[in-house]
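Structure first, commentary second.
Please treat every number below as a calculation from the coordinates, not as lab data. Note that the coordinates shown come from a computational prediction; the quantities given were computed from them, not determined experimentally. All Cβ positions, even for glycine, are placed from backbone atoms using ideal geometry, and neighbour counts span all protein chains on display.
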Amino acid sequence: MQFRLTRMVVLVIGLAVATSACGQYSLSSIRSLKAFRDGAALYAAGNYPEAAAKFEESISHNPDFGFSYFYLANSYDNMYRATRAGDPENDALLPKAAQNYRLAIDKLAGSEEPQAAQFRKLSFEYLIAVYGPGKLDDFSQAEPVARELIAWEPNDPANYQLLARLYEDQGDLEQAEAMFMKAIEVRPDSPLGYQLLAYFYNRQGEFDKTMEAFEKRANLEPDNPEAWHTMGTFYYDKVYRDTSVPREQAIAYIESGVQAEDRALEINPDYYEAVTYKSMLLALRASKETSRAAQEKYLAEADALRERANELQAKQGAAVPAAN
């Protein structure tokens, strides 16, 4: 994220000197932009205390220049150290960051300046993070900001997913699930929505729901071998780690895992991770058999696949150019 912000500083420095409140090329506007440029250079160098002073100066000359509020807030945010929590000087940085993110949101509303919408969204996201766990940890402040962001951009599924994580952190799993589902409703063709829903269910120990969501994700990108391979890894881990799974159910999970890896290999026959996991699944399948002949059959298949995986890995590794 820091790389993205530093890169966006360069874009903002190129903004026109004019702002709507001060008039084009007014002396205060020119002074504000000069201080902003100096602050941006200090910010990019990681000198946040001096950068903050320059952004304060920029605001003093032009209180309507919303970008200065964002970078002032983010400078305070970056100065905060969780390891120094309890130190009054350190703790005072987060309320300052929250205050200026809020001002950035308000000042950038309706702005026609380039990148204004991007920075307003960042201001929302960072303000929510400041109110989140590990910082101010104030859900009563974070939730309304997240809902305000949703009201501003109701068609962005990421906004619902952000609110879902806030609810999950509070232990409100019903609301969290509803927000993950709302994100899918907003963008039903997005594989990411189902992927994040799957990981949510996985965190709750809901294995069957996890796999149902992963399968919906894979069906939305049928030519992505990683989507199918991910399913194979989850089926393997479930059977390998959860010894309470009944034998018949374990076999069904293993077979589903093998099928998922086969789908991955139909797309990319040289996908050595999929070959590896198929080998592991077949070895696990052998462990569920009581017949010696059946065990040997599955183990022979697993061994052949493991050799194939090793060959593929060696071949692909050799194809990687050596570092200069």
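Give the distance, in whole Å, between the Cα centre of segment 53-92 and the Cα centre of segment 147-181.
27 Å
Could you sort the peptides 30-39, 206-215, 292-301, 81-90 by per-residue average Cβ neighbour count (10 Å cutoff), highest mean leading? List each step's numbers first, then the result.
Numbers: 30-39: 20.0, 206-215: 18.1, 292-301: 13.6, 81-90: 9.5.
Peptide ranking by packing, descending: 30-39, 206-215, 292-301, 81-90.
How far is the Cα center of segment 275-314 from the Cα center of segment 188-253, in Å?
The distance from the Cα centre of segment 275-314 to that of segment 188-253 comes to 21 Å.
As I understand it, the value is the acute angle between the Cα axis of helix 27-44 and the longest principal axis of the Cα atoms of the chain; what does it come to in degrees, rounded to 10?
Approximately 30 degrees, to the nearest ten.
Can you tell which of 219, 51, 78 lies farthest toward the positive end of the dipole of the chain, using +1 and -1 charges on the Cβ of basic and acidic side chains (Lys, Arg; Asp, Glu)?
Toward the positive end, the furthest listed residue is 51.
With a ≥ b ≥ c taken as the square roots of the eigenvalues of the C-alpha gyration tensor of segment 22-87, please select rounded if a/c is under 1.5 and otherwise prolate if a/b is larger than b/c or oblate if it is not?
Numbers: a/c = 3.44, a/b = 2.33, b/c = 1.48.
Because a/c hits 1.5 or more and a/b exceeds b/c, segment 22-87 counts as prolate.
I want the local charge near residue 132. Using Cβ-Cβ distances under 11 Å, sum +1 for each Lys or Arg and -1 for each Asp or Glu among the other residues.
Values: positive: 135, 165; negative: 125, 137, 138, 143, 169.
Here the charged neighbours net out to -3.
If packing is taken as the average number of other Cβ atoms within 10 Å across a peptide's residues, how do 117-129, 43-55, 62-74, 162-174 rank, most packed first?
Numbers: 117-129: 21.3, 43-55: 18.9, 62-74: 25.0, 162-174: 17.3.
Listed from highest to lowest mean packing, they are 62-74, 117-129, 43-55, 162-174.
Answer rounded, prolate or oblate for segment 200-244, using the Cα gyration tensor with square roots of eigenvalues a ≥ b ≥ c: rounded when a/c is under 1.5, else prolate when a/b is larger than b/c, else oblate. All intermediate terms of the calculation are to be shown ahead of the outcome.
On the way: a/c = 3.17, a/b = 1.62, b/c = 1.95.
It comes out oblate by the Cα gyration axes.
Past 30 Å, Cα to Cα: identify those pairs from 216/238; 107/216; 135/182, in the order given. Intermediate results must be reported in sequence, preceding the final value.
Working: 216/238 19 Å; 107/216 41 Å; 135/182 27 Å.
Violating the 30 Å limit, Cα to Cα: 107/216.
Over the Cα atoms of the chain, compute the convex hull volume and normalise it per residue, giving Å³.
Taking only Cα atoms, the chain has a hull volume of 185 Å³ per residue.
Could you state the angle between the C-alpha long axis of helix 292-318 and the longest principal axis of the C-alpha atoms of the chain, as a value from 0 to 90 degrees rounded to the nearest 10?
Tilt relative to the chain: about 40 degrees.
Compute the angle between helix 2-13 and the longest alpha-carbon principal axis of the chain, please, reported from 0 to 90 degrees and rounded to the nearest 10.
For helix 2-13, the angle is close to 40 degrees.
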